There are 4 protein chains.
Amino acid sequence: MDFNIIRIARAVINVSDLNRSRDFYVNALGFVETESDDQHIYLRGLEEHTHHSLVLKKSDKLGVHALGYKVAKEEDLDKLAAFFESKGLKTKWLEEGSQHAVGRALHVHDVSGMPLEFFCKMDGAERLLQRYDLYRGARIQRIDHVNCAVPDVEKAYDFFINELGFACSEYTATEDDRIWAAWLHRKQGVHDQAFMNGEGPRLHHIGFWLPDPLALIHCCDVLASLGYGDSIERGPGRHGLSNAFFLYLRDPDGYRIELYNGDYLTSDPDFKPIRWDLDDPRRQTFWGHKAPDSWFNETSPFLDIDTGEEITVSEAKLAKIKPEFII
Amino acid sequence: MDFNIIRIARAVINVSDLNRSRDFYVNALGFVETESDDQHIYLRGLEEHTHHSLVLKKSDKLGVHALGYKVAKEEDLDKLAAFFESKGLKTKWLEEGSQHAVGRALHVHDVSGMPLEFFCKMDGAERLLQRYDLYRGARIQRIDHVNCAVPDVEKAYDFFINELGFACSEYTATEDDRIWAAWLHRKQGVHDQAFMNGEGPRLHHIGFWLPDPLALIHCCDVLASLGYGDSIERGPGRHGLSNAFFLYLRDPDGYRIELYNGDYLTSDPDFKPIRWDLDDPRRQTFWGHKAPDSWFNETSPFLDIDTGEEITVSEAKLAKIKPEFII
Amino acid sequence: MDFNIIRIARAVINVSDLNRSRDFYVNALGFVETESDDQHIYLRGLEEHTHHSLVLKKSDKLGVHALGYKVAKEEDLDKLAAFFESKGLKTKWLEEGSQHAVGRALHVHDVSGMPLEFFCKMDGAERLLQRYDLYRGARIQRIDHVNCAVPDVEKAYDFFINELGFACSEYTATEDDRIWAAWLHRKQGVHDQAFMNGEGPRLHHIGFWLPDPLALIHCCDVLASLGYGDSIERGPGRHGLSNAFFLYLRDPDGYRIELYNGDYLTSDPDFKPIRWDLDDPRRQTFWGHKAPDSWFNETSPFLDIDTGEEITVSEAKLAKIKPEFII
Amino acid sequence: MDFNIIRIARAVINVSDLNRSRDFYVNALGFVETESDDQHIYLRGLEEHTHHSLVLKKSDKLGVHALGYKVAKEEDLDKLAAFFESKGLKTKWLEEGSQHAVGRALHVHDVSGMPLEFFCKMDGAERLLQRYDLYRGARIQRIDHVNCAVPDVEKAYDFFINELGFACSEYTATEDDRIWAAWLHRKQGVHDQAFMNGEGPRLHHIGFWLPDPLALIHCCDVLASLGYGDSIERGPGRHGLSNAFFLYLRDPDGYRIELYNGDYLTSDPDFKPIRWDLDDPRRQTFWGHKAPDSWFNETSPFLDIDTGEEITVSEAKLAKIKPEFII
């Protein structure tokens, strides 16, 4: 490929009540509100030098808009458009000005039918990394990754690795060596984009980076203090896969947010992807904890780039159920 | 009362395989082995200036010997003996020399039938608090408390408060104001001795103090690295009750160990015990996590101070089952 | 002695500008403001169940009022009054109502001329230990200790140990075994009251307890973010003596505040006080850092319980200068 | 440029006593010893999947060998050789087998006369990231960066940015906008290579990444416990520049090692380098601490790639002295 995708850079999700969501994301989790109007709240982490990494959009219909990837140059957008068209995949241009604070953007559906967005420019914002007086809740630093359920992980894997230039850091394989889940990255962490076998395409979660493990524990305490104990779905725990210290939350509309600290540098082209057996109890939670059923079964719908309607999903190709052997 | 009980100071438990237990307590959890022979291992925390706080005793019959409380003076032992005898409770003297590293000790059965030990003297040991190069695993600092299931918590509460001079920091009450569980202390932390409603008397767990929350997280990682993932029964989490950051483990023989950091100062006589409703979801785990069934249902037997046989237990007086409303 | 002193419980200091001090103590350090009027601000830590542990009193004349100790019972006050009078030491009663939120109080001057206060009752306040959403800055939990420069440490030591019933946890001695500094406690931590050799009586610092080491580091970050970098006088570091992780600050009027986490349990009557050589480089800072001259040379004046004027000081009996051998 | 430098990957330093150095690096700091012979010790961090990132080479003559950068492909080495030759800079090939565990390597002197090494292949080693039972001391994760004193920072800056393809994350400028120091990266952290104005080329320090801030504090404790208190030269503290939590040590031969946690993601081409004024007190230490003279004045010599002799140094072009205005 001759285009340069930098990293996952933003997500846009429909929410039913902006104030209720603001209370969760800003007051409890500690996101910074860059700007808002009566239809949107634009949020960023303390480290981010750009306008936002998460947009809450008021709507009666829940769902996830195209996942936003940042590219290096404007011309990368044209090359990406040509590439997606050459594959017969749906594309759509959003000219500069049509989305607040973002430059020209290309929206596409990928081989899994998942909506992706590519853009090069976003308005800047004051980077608050050293405004420690403003740190609250989980002390969110930046967007880290998205994780999506797709029916055919190997197809998604091949497309992202071979066509879009991602690298694989870790993956889960079945006994007969089928890829059941994969962690793929453009930036030099464990992932920008993960795929797991499941009915899809649907969004499993959006991950945000924290500065240290105690920020995550403090966030649990703050959530409980504010009456958000029910929002904690899983964790805190250590992922075997990625080695991250994690916490999974469900926002007021049910979207799953991962708070995440601890992965590792993946700069080296000769780093060999780490293989995990699907039945290794330390894969999901290094400490052996069982994830709740909801974590396996509940995901969020994507919206079509043209119609805005929920994208039709397909059944998972491999066994989808939660492995019984996880202790 | 005119005797002065200082604090919970040691526990002696029968284990089936000393080497297997050593691997768990010393190599994984980071206890210091003061001394051992082919029948015993004597363990202490890094902060402790005394010979041990936990004795592992080789035996085919599992069970917990009298829970050891330290008193201020030798004469306190005589006063305690007179007191227990006056109540018609069984007492037994173990003269100095009959237990390794411990002075003259009084063994008794209390109102719940629970075996207690009182002693004033224990051999000293090098305090390793500032030997950070020896810190391993959970960096165990010291014994903190014991928690026991008893059939009649109010009876145990009255005895410890009114007769033995303990104070109550927190308690759980039913809707009709019966005490379902109580946290009682002589030293100025949340507890030396906790009671919870259940078939008993039986030991629920022994708690050990850690220096900071990250030591607890690191311990989970070390346990998983060494293949002890299955030992983690519950946590890490925050207790509503006590405010401690906690982790519950099961040792190779099934004894429950709590790792614990964070309570608060209870020096003030006018501190009002904190009341928790039995159905407050934040009581058990501030963050709302559900404890596993095993944590509610499985406890360890006490041994009779005379016969060494398992002490007969009685059914709990109040509803014993795990509250269904805990989320 | 037949009175029961519980712990150091409050300090009252004159400040020149209430708003400037509020900004430092509340906004930067995270103290809770219980109440204020145009002459006072009453501050407490998140763990405290009583009205305040620090009072800022507006005054053009800087200085420290009698250091406030809490006793177990009202009658302890009478016994203390009789004791101080029997020693020919100045006493003064402040009847209930004469000090806001505090019951009847006894003010005295001790053998070093240092003003002390004893009281039994203080109004309650909501304990915010589990209101993690309110945690800010250093997450101050509670008052921990006071440290005072006195000209004759051994005289002060004897008085507090033999007459007031304190115990010694650690002390610094000269080559010829003179006590140069001492850490004394009533509650079961390392100290309520420390003395160090110096021109006095004068206050060296007031120490406050933090929940964990990262709260201390975060506080440095917050102070720097808010332009209070100059307030950091020494640390963060580890004390050899007490084993605490520490930070020394100077408030806007120059009073020294220690943030403190990590000491150990001192419940046992047979705990042997730890002796440090004055020339042990790990005594002051376990890691070997040198303390700045200001830390050794600058202290705050006490105010006479009758006149409110600065108490006359005497030269230190032992060599007072900062040891040159500290690296 | 049409070559792809990945990241700083290793340093090779002469030491006078291998066992003395092993005690410091392995026992105190927690490096993993991959291999050793009577002339070398090969060390790596817990995260590293390659044979080593630090080589200790026994020699009576102290000094630093060419700083080792990893490149993406073997052919990048040929392109780099051609480039350096085209600039009239000294180059030297070390064929595979001539250095243990490393493939073919190109050694060069850059525009500052600093010796650099480029290589593509290194033997693998077991990655111990999830062997938490082996974590010791500072829990070193990986090599992070090197910092060098050069007489003309702007010349070095131009060469690394314009010719070698590095990006600048932050820099320090004088009042008249001369670059006094610069932080340059190829991988997506704050730096692989930093330059500061000084007599040079000489090595200022090698930086290693830690997993979290408490690992750094624990390392101070371990160093003190083992008698290495004198090795702590500066910190712990927060850098304004880079936002990292840092500690500077001097190894037994005087080489400076930085332990480092906390920078940020620098993936975005539109990230604007952060400018710091030379006289901003928060630049060096965000909290305002003054660095000791030794930190400014003492550096280590580089060795010529041909002769192995110390490289001749030049005086700094800009004022070199430690700014007096740093508080």
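Overview of results
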| item | result |
| --- | --- |
| Centre separation in Å (Cα based) which lies between the range C:41-99 and the range A:57-83 | 66 |
| Max mean-square fluctuation residue, GNM over chain A, Cα-Cα springs under 10 Å, options A:Pro115, A:Pro269, A:Pro201 | A:Pro269 |
| Mean Cα-pair separation over length for the range C:136-301, i.e. relative contact order, pairs under 8 Å, 6 or more apart, % | 26 |
| J(HN,Hα) series, the range D:90-101, from Karplus relation 6.51 cos²θ - 1.76 cosθ + 1.60, nearest Hz, glycine and proline x | 5, 10, 7, 8, 10, 5, 3, x, 7, 10, 4, 6 |
| The range D:181-260: GluC sites (Glu not before Pro) falling in loop per DSSP and having at most 16 other Cβ within 10 Å | D:Glu199 |
| Exercise: per-residue mean of other protein chain Cβ atoms within 10 Å, C:258-270 | 5 |
| B:Ile6 long-range amide H proximity, modeled H, under 5 Å | B:Lys70, B:Val71, B:Ala72 |
| Chain C - mean residue ellipticity at 222 nm from DSSP helices (-39,500 (n - 2.57) per run, n ≥ 4, rounded to 500) | -3500 deg cm²/dmol |
| Over the range D:232-297 - Rg/Rh using Cα atoms and the Kirkwood inverse-distance radius | 1.02 |
| Radius, Kirkwood style, for chain A when every pair of distinct Cα atoms is counted (Å) | 19.8 |
| Sequence-separation-based contact order of chain A, relative, with Cα cut under 8 Å and 6+ spacing, percent | 18 |
| Over 23 Å between alpha carbons, listed pairs B:Lys58/B:Lys87; A:Lys61/A:Lys187; B:Lys272/C:Lys121; D:Lys73/D:Lys187 | B:Lys58/B:Lys87; A:Lys61/A:Lys187 |
| Average other protein chain Cβ within 10 Å of Cβ, residues D:279-288 | 4 |
| Cα-based radius of gyration of the range B:43-85 once divided by 2.2 N^0.38 Å, which approximates compact folds | 1.54 |
| Three-way shape label, the range C:179-327, alpha-carbon gyration tensor, a/c 1.5 | rounded |
| Relative counts (whole %) of C-alpha pair distances in the range B:71-143, using bins that are 10 Å wide | 17, 37, 24, 18, 5, 0 |
| Residue among B:Ala244, B:Ile257, B:Pro213 farthest towards the positive dipole end of the range B:136-301, charges placed on Cβ | B:Pro213 |
| Separation of alpha-carbon centers, the range C:130-180 and the range B:202-251, rounded to whole Å | 33 |
| Most fluctuating residue given options C:Ile257, C:Ile143, C:Ile161, as computed from a GNM of chain C linking Cα atoms under 10 Å | C:Ile161 |
| Cα pair distances in the range B:5-119, grouped into 5 Å bins until the bin that holds the longest one, percent each | 2, 11, 20, 23, 18, 13, 8, 3, 1, 0 |
| Taking N as its residue count, the alpha carbon Rg of the protein assembly as shown over 2.2 N^0.38 Å | 0.96 |
| Globularity index of the range B:109-222, i.e. its alpha-carbon radius of gyration over 2.2 N^0.38 Å | 1.26 |
| Percent RCO, i.e. relative contact order, over the range B:5-119, from Cα pairs under 8 Å lying at least 6 residues apart | 26 |
| For residues of B:128-136, the mean tally of beta carbons on other chains within 10 Å | 6 |
| In sequence order, calculated HN-Hα J values of the range C:7-23 (Karplus, 6.51, -1.76, 1.60; Hz; x Gly/Pro) | 5, 5, 10, 6, 10, 10, 10, 7, 10, 8, 8, 4, 5, 5, 5, 4, 4 |
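Every number in this text was worked out from the coordinates using simple rules, so none of it is lab data. Quick caveat: nothing in here was measured; it's all calculated off a predicted structure. Cβ: placed from backbone, ideal geometry, glycine included. Neighbour counts: every protein chain shown.
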